[in-house]
Amino acid sequence: MTSRNEFLSKIKHYLTPPGEGVYTVHTASEKRLNLQKKLYGIEAVAEKRVRAIWEESLSKTLPQAKTVIFGIPSDTGGGIQRGANWGPLYLRETLINSRDDLNAYDIGDVRVIPQLLHDKYLNIETIKNCRKSVYKDEFINLPVSPLSIAYDFATDFHEQFPAKSLFMIGGDHSVSYPMVRAYLEAKKSQGKKVALVHFDAHTDLLEERMGIDLCFGTWTSQVIPFLETPSHLVQIGIRASGYEREHWEKKFGHKQIWAKEVLSLGAEKIANDIVAHLKSLAVEEIYISFDIDCLDAAYAGATGTPESDGLSPHEPMVIMQTLFENFKITGSDIVEIAPLVKAANIKQIEPETTLLVAGALSTFLIQAMGVS
Ligand SMILES: [Mn+2]
């Protein structure tokens, strides 16, 4: 078991204060400074005390928090149109500008080396070199790739704080793999029955994509083995798929609900069906993974793979509210917000539209986890 001091020491190496996970000198520095002024005060930013205050908050504020915000600003696992690395900074700005009473502690970002995905794809020399560069110690026993760091952190987090919940902001959808896996392993050791509810236009159920088993198109198939049973997975909003629902359900043994079914049957009926299904499996707690492209491109144009014929924000909200009334929500994420990307043929103002909608969904999840 990792001691509390080891845990805090690791965080100081492989995480950064909120908004600093994308390594940059000038780009978006105004946004980062604005966020940090709101979080830590104008003077703290002017006097360059942000890191010191953040480090102190890890031992003082973190233990008091119920819900913890965590950013993984990596889009190395994407592949069509990148840009989700800016999701954590932009969405945090939206959240902090719209609410002062968000009941959550922001623990910061993964320190992302933008060319890396997972340490298993690296050789020893590269790992040593990255440790030397970012941790100033080539022999330190710490991961260097975003997915590996996130898994190490989330595993320790659940061990240190079994009653706390993480709200993760991505990142391309590959970043949900380490979070969901660590969550499922932790809940299993706690003896809790949990389900994964996954909102997305895409199934993300490839077993590999061009030889790579961990990426935005594969992460869901990769976490299924960590579920107690595949029927603890429910996918909602699917529409951009080479195969029909029956193909996927038969292949993996889970439940899939397409966007057209939600739109024709209504969100209330769908929500009640999901609750009945999960109750019949004695599920107690839920992790919600929310890919913003589950929404129609008219609401979420600032994303790597925008899709039409999708849900409005209303339907996921009704479904999540109903889930919240029936189960504890003890883990969640929102991913694939790419603020500098704009879908073609979209008249909406972007990224404001996508961020506003994502902010409302995130606020719901954060507040729901705070009382779950
Ligand atoms: Mn996805």
Leading residue by the ranking (nearest to Leu361 (Cα to Cα)) among those in the range 166-202 that are within 12 Å of the ligand (Cβ to nearest atom) and open to solvent by 10 Å² or more (accessible area, probe 1.4 Å):
His202
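For every residue, the table says whether it meets (1) farther than 25 Å from Thr67 by Cα; (2) within 16 Å of the ligand (Cβ to nearest atom); (3) open to solvent by less than 10 Å² (accessible area, probe 1.4 Å).
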position: Pro306; (1), (2), (3): yes, yes, no
position: Ser312; (1), (2), (3): yes, no, no
position: Ile319; (1), (2), (3): no, no, yes
position: Glu325; (1), (2), (3): no, no, no
position: Ile334; (1), (2), (3): no, yes, yes
position: Ile337; (1), (2), (3): no, yes, yes
position: Leu340; (1), (2), (3): yes, no, no
Any residue that is of a type in the set (A, V, I, L, M), open to solvent by less than 30 Å² (accessible area, probe 1.4 Å) and free of Cβ contacts under 8 Å to residues at least 40 places away in the same chain - is there at least one of those in the range 217-234?
yes
Checklist (1) surrounded by fewer than 24 Cβ atoms within 10 Å (Cβ to Cβ); (2) among the hydroxyl-bearing types (Ser, Thr, Tyr); (3) under 18 Å from Lys193 (Cα atoms) applied to Tyr287, failing item:
(1)
Take the range 7-57 and flag every residue that is of a type in the set (Asp, Glu) and closer than 22 Å to Val112 by Cβ.
Glu20, Glu30, Glu55
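Table: residues versus (1) without any contact (Cβ under 8 Å) to a residue 60 or more places away in the chain; (2) assigned to a loop (DSSP other than H, G, I, E, B).
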| site | (1), (2) |
| --- | --- |
| Ile288 | no, no |
| Ala297 | yes, yes |
| Ala300 | yes, yes |
| Thr303 | no, yes |
| Pro306 | yes, yes |
| Ile329 | no, no |
| Ser332 | no, no |
| Pro339 | no, yes |
How many residues of the range 281-294 are aliphatic (A, V, I, L, M) and within 12 Å of the ligand (Cβ to nearest atom)? The answer is 1
Identify the single condition in (1) near the ligand (Cβ under 9 Å from one of its atoms); (2) in a loop (DSSP other than H, G, I, E, B) that Thr220 does not satisfy, given that it satisfies every other one.
(2)
Pull up the range 120-148, narrow it to residues that are open to solvent by less than 30 Å² (accessible area, probe 1.4 Å) and in a helix (DSSP H, G or I), then point me to the one that is farthest from Leu214 (Cα to Cα).
Tyr135
Scope the range 223-250; condition away from the ligand (no atom under 13 Å from the Cβ), assigned to a loop (DSSP other than H, G, I, E, B) and not β-branched (Val, Ile, Thr); matching residues
Leu227, Glu228, Gly242, Tyr243, Glu244
Only one of (1) touching an Asp or Glu at 6+ places or on another chain (Cβ under 6 Å); (2) open to solvent by less than 60 Å² (accessible area, probe 1.4 Å) fails for Arg82. Which number is that?
(2)
Please work out which one of (1) under 20 Å from Gln36 (Cβ atoms); (2) among the acidic types (Asp, Glu); (3) assigned to a loop (DSSP other than H, G, I, E, B) is the condition Glu93 fails and give its number.
(3)
Residues to consider are Leu214, Leu205; find the one that is surrounded by fewer than 24 Cβ atoms within 10 Å (Cβ to Cβ) and either within 11 Å of the ligand (Cβ to nearest atom) or part of a loop (DSSP other than H, G, I, E, B) (or both).
Leu214
Subset of the range 342-364 that is aliphatic (A, V, I, L, M) and in a loop (DSSP other than H, G, I, E, B) - its residue that is surrounded by the fewest Cβ atoms within 10 Å (Cβ to Cβ):
Ala344
Of (1) of a type in the set (Gly, Ala, Ser); (2) out of contact with any Leu (no Cβ under 8 Å at 6 or more places or on another chain); (3) touching a residue at least 12 places away in the same chain (Cβ under 8 Å), Ser145 satisfies all except one. Which?
(2)
Look through Thr67, Thr94, Thr61 and report the one residue that is open to solvent by 10 Å² or more (accessible area, probe 1.4 Å), among the β-branched types (Val, Ile, Thr) and closer than 19 Å to Phe157 by Cα.
Thr61
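The values are calculated or read from the model by the stated rules, or taken from the named source; none is laboratory data. Here the structure is a predicted model, which is why all the values come from computation and not from measurement. Methodologically, a virtual Cβ is constructed for each residue, glycine included, from the backbone with ideal geometry; neighbour enumeration extends over all protein chains shown. Just the protein is used for accessible areas: all its heavy atoms, side chains included, with ligands, DNA and RNA removed. Shrake-Rupley method; radii C 1.70, N 1.55, O 1.52, S 1.80 Å.
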